1. So what is the 222 nm mean residue ellipticity for the chain from helices alone, if each DSSP H run of at least 4 adds -39500 (n - 2.57) and you divide by all residues, rounding to the nearest 500 deg cm²/dmol?
2. Nearest 0.05, what FRET efficiency do ASP199 and ALA56 give at R0 = 51 Å with Cβ-Cβ as r?
3. Pull up all non-local amide H partners of LYS215: gap of 5 or more, or a different chain, and H-to-H distance under 5 Å with H placed in the peptide plane.
4. Mind listing the long-range amide H neighbours of ASP94? Cut-off is under 5 Å, sequence gap 5 or more, other chains count too, H placed in the peptide plane at 1.01 Å from N.
5. Work from the charge dipole of the chain (Cβ charges, +1 for Lys and Arg, -1 for Asp and Glu, about the Cα centre) and give the residue of VAL156, VAL214, LEU176 farthest towards its positive end.
6. Assigning unit charges at the beta carbon (Lys, Arg +1; Asp, Glu -1) and nothing else, what dipole magnitude in debye, to the nearest 20, does the stretch 40-182 show about its Cα centre?
7. Give, in nm to one decimal, the length gained when the segment between ALA42 and ARG13 is fully stretched (0.36 nm per residue of separation minus the Cα-Cα distance).
8. Keeping all protein chains in position, work out how much accessible area MET78 exposes to a 1.4 Å probe, and write it in Å² to the nearest 10.
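The values are calculated or read from the model by the stated rules, or taken from the named source; none is laboratory data. For clarity, every value in this text was computed on a predicted model and none was experimentally measured. Note that we place each Cβ from the backbone using ideal geometry, even for glycine, and neighbour counts take in every protein chain shown. Just so you know, the surface numbers come from the protein's heavy atoms only, side chains and all, with ligands and any DNA or RNA stripped out. Shrake-Rupley method; radii C 1.70, N 1.55, O 1.52, S 1.80 Å.
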Amino acid sequence: MPFKSVLTITGARQGEGDLKLVAGLCEEINAHMSVLVLVLAAPPSGGGYAAIVSPAWLEEREAEMRQLEKRTAIVSKMLSQSAVSADLSSNYPDEAWADEVIGRRARYADLTVLGPEVLATVTFKKRIVEAVLFWSGKPLLLVPQGAHATLKPKRVLVAWDASLESSRAVRESLDLLVGAAEVRIVMIDPIKDELHHGDEPGADIAAYLARHGVKVVVDRLPSSNQSVADLLFQHAIDTAAELMVMGAYGHSRLRERIFGGATRSAIDNPPLPIFLAR
């Protein structure tokens with residue numbers, strides 16, 4: 001399915017870089033651009049009753065709401081000067097409700113894109129990534145600083161381990177894969193049996209993609225005591241991949257999100273654009 005609606009999220013402290021990047025991506029594929037301006041409400045210090053009677057906390061919230069209003073006005077002006085079809089919304093949720101607010105907004109887009117400015121943050125990035133992956137049911141594209149951003153990549157690397165997550169990532173990215181000149185299916189230490197990769201590791205996913213017209217190459221790599229993330233990233237660099245597609249592995253423990261090692265590396269320090277789905 002082609003991406004017709006692309007969402008990006010920006011905070012009070014970000015500039016125009018991420019917005020221009022996403023506008024360029026939308027222009028590239030003739031998609032609608034949605035922007036959510038988000039400021040997370042400062043949590044009270046000292047408990048609920050203290051929050052009610054604390055003038056300092058109330059002043060902080062008022063300052064944050066002014067920041068949200070100012071940032072929204074700046075983004076609105078920028079979008080009005082853009083040739084891209086766009087809509088704008090803003091929200092000021094308490095941190096406990098941020099997942100639901102972000103996830104609900106992301107459900108009405110085909111793809112959420114986060115650029116270098118948001119990826120340079122810590123808490124803000126973490127909250128958005130977790131909310132999109134766990135609460136929206138939609139894919140996420142991370143574009144790090146210095147990377148070439150495109151939704152028409154010529155060379156794509158797919159991290160494949162025959163799991164539900166990697167299958168979902170492939171299906172969500174299928175429109176990108178069909179348009180690429182080369183798609184490399186990469187497996188690390190594939191297990192040759194019916195419960196894992198089949199009698200010929202990579203053959204089934206290659207056949208599936210080939211039926212859609214994808215130009216596929218299968219790479220089976222030994223780990224050689226290296227981390228999966230390091231191997232994938234190095235192979236992406238060696239093959240000049242413009243995009244990596246991978247499943248996001250993780251689970252919830254109470255309100256904590258626990259990501260797998262390769263997923264965490266992709267989120268924390270991506271060396272190229274990463275397309276994630278789960």
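1. Helices in the chain give a 222 nm mean residue ellipticity of -12000 deg cm²/dmol.
2. Computed FRET efficiency for ASP199 and ALA56: 0.15.
3. Long-range HN contacts for LYS215: VAL183.
4. Here the answer is ALA41, since their amide H atoms fall under 5 Å of that of ASP94.
5. LEU176
6. Working: 17 positive and 18 negative charges, 90 e Å.
Computed charge dipole of the stretch 40-182: roughly 440 debye.
7. Between ALA42 and ARG13, full extension yields 9.0 nm more.
8. Spelled out: MET78, probe radius 1.4 Å, area about 30 Å².
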